[in-house]
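A short reminder: the numbers here are calculations on the coordinates, not readings from a lab. Given the structure is predicted, the values throughout are model-derived calculations rather than measurements. Cβ placement follows ideal geometry from the backbone for every residue including glycine, while neighbour counts extend to all protein chains displayed.
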Ligand SMILES: NC(=O)c1ccc[n+]([C@@H]2O[C@H](COP(=O)([O-])OP(=O)(O)OC[C@H]3O[C@@H](n4cnc5c(N)ncnc54)[C@H](OP(=O)(O)O)[C@@H]3O)[C@@H](O)[C@H]2O)c1
């Protein structure tokens, strides 16, 4: 007996998957307890060079041929995007095949439809590579942490933006200069907005929070701000206080409601996530019993992501051999409320340009107090027209902070709000 694989896509991830299946075939057979055999590969073009040398009759430009093939047991979807990936996966399930996918966009937007199809067919749907590339995070969430309650997940889940912020932090360069460097190193997509504006991180956070809180969270539930407005001044202000600026994906569950958001934030340099540099990713999990955990590694690239895909294939092969089925959908709390961003509990660092006259501090403090935002620390620099106030708030709702900022802008003593950024991971 062997477990027969049909691969949809042979690009960065699919190519690495095919190569690992070929080079490590003997080891994989021992690990799975059965041979794993690549049978068919669907691509768009038959003339592109590929990292594996397979017989001509294994290649096809018709992915439907693969999902309908009775000789295929497991379909691996690494085409990406919503269509035709979704319909191909649904067809694979209706033909009794197990599915492995790395497709965060599909899972974060239409996960329910795909999960329901897996349930209806009684087959496995595994997606370890969809978040954090080579970092094992889906299986630990589903299996290892099944005995705990996850309270909070905080991650750096986009390598491109982490590289840009690392370069800005190290050199003082602007966002545009760091983006150009990322581009020259091949770290950006053709359209960089999915990374820069936080869409990619929001999709990954939707998947992570669905698993962490057993809730149904979709990409559209995640409040999102990108990094294009982060300035060198924001970063040097953060450094002065002993902080780094990171694009964070944060999800919390409290009072039966989920809050999920992606935005740039200041993080104390002593926080484990602050040391995650360049294109590396990490997910920091706070469990009720386990306390703090961190999963760190390469969040993208053929080798790391292909190894996660092959890990899923091995798990399915073991399940087939044992006549078992893996864990299905874990979104038991499908009615969990999603908190609007205004209700999210956050802290802010704010820099105000103020006129240096008696009563300025009192008028500013009065606005914070009237919105029930308390101030954790305040520092004044300069005098006369150049006076600057730097404040860090205690935790209050996003809505209360926003109302505060609007009213501060209306004070005659406040010239401008020079900078404002959320603060995470700092003791109150
Ligand atoms: N790249 C990463 O580091 C990474 C990390 C984590 C997750 N992922 C996810 O993995 C998936 C694949 O990403 P990738 O970077 O490997 O993409 P990619 O390099 O663009 O590869 C896509 C592959 O799909 C094939 N393809 C596209 N449309 C097709 C169609 N209609 N029929 C048959 N084949 C088709 C392409 O064929 P041709 O080669 O002939 O064009 C190509 O081989 C995506 O969901 C992505 O989000 C990627």
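Per-structure values
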item: Theoretical gain in end-to-end length, residue 57 to residue 342 [0.36 nm per residue, Cα-Cα removed]; result: 97.0 nm
item: FRET efficiency for residue 170 and residue 322, using Cβ-Cβ distance with R0 set to 35 Å, rounded to 0.05; result: 0.10
item: Choice from 54, 107, 205 showing the highest fluctuation, given a GNM over the chain with Cα pairs closer than 10 Å; result: 54
item: Cα shape, segment 1-76, gyration tensor, a/c 1.5 rule; result: oblate
item: Förster radius 45 Å - calculated FRET efficiency between residue 416 and residue 146 (Cβ-Cβ, nearest 0.05); result: 0.35
item: Relative contact order [Cα under 8 Å, 6+ residues apart], segment 341-423, whole percent; result: 48
item: Candidates 304, 268, 55, ranked by Gaussian network fluctuation over the chain, Cα under 10 Å, top entry; result: 55
item: Gyration tensor (alpha-carbon) shape descriptor, segment 160-254, a/c threshold 1.5; result: oblate
item: Sorted by Cβ neighbour density within 10 Å, fewest at the top, the residues 294, 190, 1, 141; result: 190, 1, 294, 141
item: Antiparallel bridges, percent of DSSP beta bridges restricted to the chain (to nearest 5); result: 65
item: Helix 199-213 vs. the chain, principal-axis angle (Cα, 0 to 90°, nearest 10); result: 80
item: Three-way shape call for segment 138-298 based on the alpha-carbon gyration tensor, with the a/c threshold at 1.5; result: prolate
item: Separation between Cα centres of segment 143-183 and segment 202-225, rounded to whole Å; result: 17
item: Residues 312, 356, 278, 57 arranged by fewest to most Cβ contacts within 10 Å; result: 57, 278, 356, 312
item: Expected 222 nm ellipticity per residue - DSSP helices of 4 or more, -39500 (n - 2.57), all of the chain, to 500; result: -11000 deg cm²/dmol
item: If the convex hull is drawn through the Cα atoms of the chain, its volume per residue in Å³; result: 141
item: Equivalent ellipsoid semi-axes - Cα gyration tensor, segment 337-428, angstrom; result: 24, 13, 11
item: Sequence of 10, 329 once ranked by neighbouring C-beta atoms within 10 Å, starting from the fewest; result: 329, 10
item: Paramagnetic reach from residue 334 in segment 84-121 [backbone N under 18 Å; point 7 Å along Cα→Cβ]; result: 90, 107-121
item: Extension reserve of the residue 87-residue 48 stretch, reckoned as 0.36 nm per residue once the Cα distance is removed; result: 11.5 nm
item: Max mean-square fluctuation residue, GNM over the chain, Cα-Cα springs under 10 Å, options 266, 168, 418; result: 418
item: Space enclosed by the convex hull of the alpha-carbon atoms of segment 272-421, per residue, Å³; result: 181
